[in-house]
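Reading through the structure tokens given below for one structure.
Laboratory data are not the source of any read-out in this text; all were calculated from the coordinates shown. Owing to the predicted nature of the structure, the values given are computational and were not obtained by experimental measurement. Quick reminder, even Gly has a Cβ in these numbers, built from the backbone with ideal geometry, and neighbours come from all protein chains shown.
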Amino acid sequence: SDAYRAWLGYRRIAPGERYNQYELYSSIVISEQDDRIHAAATELSRGIEGLLGQPAPLSDYRNGDACIALGTFGHSAAIDEVFQDEALAKIGPEGYVIRTNSTLRCIAIGASSSAGIVYGVFHLLRLLALGIDVEALDIAENPVNRLRMINQWDNMDGSVERGYAGRSIFFADNRITWDSERIRDYARLLASSGVNAISINNVNVHRVESKLVTTQFLPDVAKLADIFRLYGIRLFLSVNYASPLEVGGLSTADPLDTTVREWWRTQVAEVYAAIPDFGGLLVKADSENRPGPFTYGRDHADGSNMLAEALKPYGGVVIWRCFVYNCKQDWRDRKTDRARAAYDHFKPLDGKFMDNVILQVKNGPIDFQVREPVSPLFGAMEATNQMIEFQITQEYTGQQRHVCYLVPQWKEVLEFDTLIKGDGSSVKRVVDGSFHGNAHSGFAAVSNIGDDENWTGHLLAQANLYGYGRLAWNPELSAEAIAEEWIRLSFGGDEQLVHTIRDILMSSWGIYESYTAPLGIGFMVNPDHHYGPNVDGYEYSMWGTYHFADCHGIGVDRTKATGTGYTAQYAGANMEQYDSPANCPDELLLFFHHVPYTHRLQSGKTVIQSIYDTHFEGAERAEGLKASWELLEGKMDRELHRQVADRLAEQATHAREWRDQINTYFYRKSGIVDQAGRLIY
Ligand code: BDP
């Protein structure tokens, strides 16, 4: 179906000028015996067949015959004829050049590796699908980020932690599943957006998944790696820190114990025997009841270095998550601040990590809320590799029942200037490795797919998966441009359709924010499943996510003078701005300050009136999304249109529920009426 093919639908283009132009280049030339280049050629042929209605055959290179030639430099006559200049020097390991040579009547895609050919082919297909003139192409591209990774949170029983789109496509019944076509199609979707790495199992690793690194499962894991390898994607596994105990039969997992180190070395050797290009291990340790080095009085440098040492001989990396905090804290202890935890744990360890350890830091200091400040850990560790972790799956942003296009949020995070070395210290430069000159760095994100026919539950949530990959490849792309590209590739080029869906996507994050938790406070959700409003759901629990609302005011005092001191983790003017209630940006005010309901925001409104206003407006705008979508009836597959319409209807209803619970709660707490008289108590 269209939904399954997602942005790789390659829909037929109408007869006319472009059709004729594209038809010229209807044969494909390759001269290397390479599985990946073959996969790329197959993709190209399939794409052209979709676009033009006839396949593009593979043929030999004959000077003068119009063709599309693919090849790595120095291994293909056609490629070497087109690219003879210093353009080649600009192309890195995954980059590519695409050039139309009118004398040779050839579109050539050249790269220094077969992975570059894959990306180049997907780029060309994108141009063709968008109807772009290919007469004079001259494109050179390199990915900005080295690691562009997807984290699956799939469990081997087939469930997906925080998954909102069905069951796992990788596992069922505690085994690896063999819907290899579906897995291959996933690999195609990922590679086409620019992703080059995937960890296939949940960061919460149970006993059965601990065995993925053993000979019991490695032959099957290797088959998955084969599929992903075809598309330039390296496979990683999440491991349980206590595996030596759980599956190794040892009596300790102490990172400084020689038998423990030996056990990991043996396991890693087995992994590489099965998968020579294995990427490495992803670890969640000492977090939310997961085991870790703290049990043995060791720190996270000890823990990660132990694994790094085992991986080093093979070129593998350890990706170590910084999501470490006390999830059993006493809510009455106002000085214990979960937001501080990552920085407090990791900053003092700067310089102690091996060079094949990468710290994976969530974009914000708490947990993927609709609005959080940027984690102050970015850039704060000069001698340590870091990568950023986003959450594509919409755990706290509507669970793929509400539309929430997250690329604008990610852009804001990436553009944020940490000011760590003065102006120009943006997060995007930290995570692309250029800021501190790191050997390893990049993006990771929690996937939003499952075995639903349309992959993501909400069709419009496909834009987040696509957008993530595009942004990881090039963080300079705008959220709007990415949205538009996704729409045109997925639904075609009807201008009204493109503008309508683009406007829905671009407004969606703001709409979701406005009817949920206000002013950066976060977490007013039902415990456990995290869907729907519950203002005090977590207020008296141990998880460390509080709003401190009482009859006088609301918010968390994280200032230096009277609060938790979290603001001191920021540099220079950022610290000063966040520390001051007068200067703190409105959208983050309650994250940083406890204020009376009558406190005036920079917008001029009081906090309480702003809560009422945003919630009324948000619910109204959610209602408006339904009306916009109605305009598209008849402009796309009827069933798809209906599916989205159903979700938008649910969203509008649910937005009213949010509005009413939040507004009534704060009216009762504050006793202050809505100036516009809209409240029904
Ligand atoms: C939280 C999720 C939880 C994850 C955790 C994590 O609620 O399911 O295990 O993050 O990132 O957002 O480890």
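Listing for the model above:
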{"item": "Bins of 5 Å, starting at 0 and running to the largest distance - Cα pair percent for the range 369-439", "result": "3, 16, 26, 20, 14, 11, 7, 3, 0"}
{"item": "222 nm mean residue ellipticity, helices alone, for the chain (DSSP H n ≥ 4; -39,500 (n - 2.57); rounded to 500)", "result": "-11500 deg cm²/dmol"}
{"item": "Kirkwood Rh, Cα atoms: Rg over Rh of the range 57-176", "result": "1.16"}
{"item": "Among GLY315, GLN391, VAL427 - extreme Cα towards positive end, dipole of the range 283-428, charges at beta-carbon", "result": "GLN391"}
{"item": "Total charge dipole magnitude, the chain, about the Cα centre, Cβ charges on Lys, Arg, Asp, Glu only, Debye to nearest 20", "result": "800 debye"}
{"item": "The chain: angle of helix 180-193 to the longest principal axis, Cα-based, in degrees nearest 10", "result": "80 degrees"}
{"item": "Relative contact order (%) - criterion: Cα under 8 Å, at least six apart; region: the range 420-559", "result": "9 percent"}
{"item": "Sites ARG182 and HIS38, calculated FRET efficiency, Cβ-Cβ separation with R0 22 Å, nearest 0.05", "result": "0.60"}
{"item": "Sites ALA77 and SER603, calculated FRET efficiency, Cβ-Cβ separation with R0 60 Å, nearest 0.05", "result": "0.40"}
{"item": "Square roots of five times the Cα gyration tensor eigenvalues for the range 432-474, Å", "result": "29, 10, 6"}
{"item": "Residue pairs, from the table LYS362/LYS626; LYS312/LYS352; LYS284/LYS312; LYS411/LYS669; LYS284/LYS328, whose Cα atoms sit over 25 Å apart", "result": "LYS362/LYS626; LYS411/LYS669"}
{"item": "Positive-end residue, the chain charge dipole about Cα centroid, Cβ charges, pick of ILE608, ALA140, SER26", "result": "ILE608"}
{"item": "Burial ranking of peptide ranges 668-675, 447-454, 153-160, 138-145 (average Cβ count within 10 Å, highest at the top)", "result": "447-454, 153-160, 138-145, 668-675"}
{"item": "For the range 102-164, projected area of the alpha-carbon convex hull averaged over all directions, nm²", "result": "7.4 nm²"}
{"item": "Range of Cα positions in the range 112-256 per principal axis (Å), largest first", "result": "66, 36, 27"}
{"item": "Equivalent ellipsoid, the chain (semi-axes from 5 times Cα gyration tensor eigenvalues, Å)", "result": "42, 33, 23"}
{"item": "√(5λ) per eigenvalue of the Cα gyration tensor, the range 490-554, largest first, Å", "result": "36, 14, 7"}
{"item": "Extension gain from ASP65 to ASP277, taking 0.36 nm per residue of separation minus the Cα-Cα distance", "result": "72.5 nm"}
{"item": "Distance between modelled label sites at ASP586 and GLU617, nm, 7 Å Cα→Cβ extension", "result": "0.6 nm"}
{"item": "Among 303-309, 534-540, the order from most to least packed when residues are scored by Cβ within 10 Å on average", "result": "303-309, 534-540"}
{"item": "Low-density loop cleavage sites - GluC sites (Glu not before Pro) in the range 155-253, where at most 16 other Cβ are within 10 Å (DSSP)", "result": "GLU161"}
{"item": "Cβ-based net charge around LEU601, under 11 Å, with every Lys or Arg adding one and every Asp or Glu removing one", "result": "-1"}
{"item": "Expected-Rg normalisation [2.2 N^0.38 Å, Cα atoms] applied to the range 574-681", "result": "1.39"}
{"item": "Additional length obtainable on full extension of the chain from ARG11 to LEU477, 0.36 nm per residue less Cα span", "result": "165.3 nm"}
{"item": "Linear extension gain, ALA627 paired with GLN216, 0.36 nm per residue minus alpha-carbon span", "result": "142.6 nm"}
{"item": "Rg to Rh quotient for the range 393-513, alpha carbon positions, Kirkwood Rh", "result": "1.01"}
{"item": "Ranked CYS404, CYS551, CYS327, CYS584, criterion: other C-beta atoms within 10 Å, fewest first", "result": "CYS551, CYS327, CYS584, CYS404"}
{"item": "Value in Å of the Kirkwood radius, where the range 596-652 supplies the Cα pairs that are averaged", "result": "13.3 Å"}
{"item": "Distance cut-off 19 Å, percentage of C-alpha pairs in the range 274-337 lying past it", "result": "44 percent"}
